[in-house]
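The values are calculated or read from the model by the stated rules, or taken from the named source; none is laboratory data. This one's a predicted model, so the numbers in the text were calculated from it and none came from an experiment. So basically every Cβ, Gly included, is an ideal-geometry build from the backbone, and we count neighbours across all protein chains shown. Surface accessibility is based on the protein's heavy atoms, side chains included, excluding ligands, DNA and RNA. Shrake-Rupley method; radii C 1.70, N 1.55, O 1.52, S 1.80 Å.
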Amino acid sequence: MKKLSLALILLLPMLANAQTSNSINTMNQAVDSACVNDSNYRTCRKVVLLAANFAMTNAGFYTENCITNVKNEDKDKCADAKRLIDFLQAENDG
């Protein structure tokens, strides 16, 4: 879990940089930074990319369903999505 948190902390600022450079290169640099010393680089890379994909999917759900006009059936899901966004932001802020 510590490695995953570290990977996400490293990824988030680098992803912000993706707007001014090639997004795939930025992601690969972030993954390399997080996994370079891992004894199983390939597995580490998969875990980091899966976590990034999950965070991206969560943010997409939140953006589409939770900012305005939240449906009653989505309230719990939106609250959970917001908690994850807040958690990641807090980890990024330090």
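Residues in segment 60-94 that are of a type in the set (G, A, S) and either assigned to a helix (DSSP H, G or I) or touching a Ser or Thr at 6+ places or on another chain (Cβ under 7 Å) (or both): G60, A79, A81, A90.
Candidates are the residues of segment 37-59 that are more than 19 Å from N92 (Cα to Cα) and in a helix (DSSP H, G or I); the one that is most open to solvent (accessible area, probe 1.4 Å) is R42.
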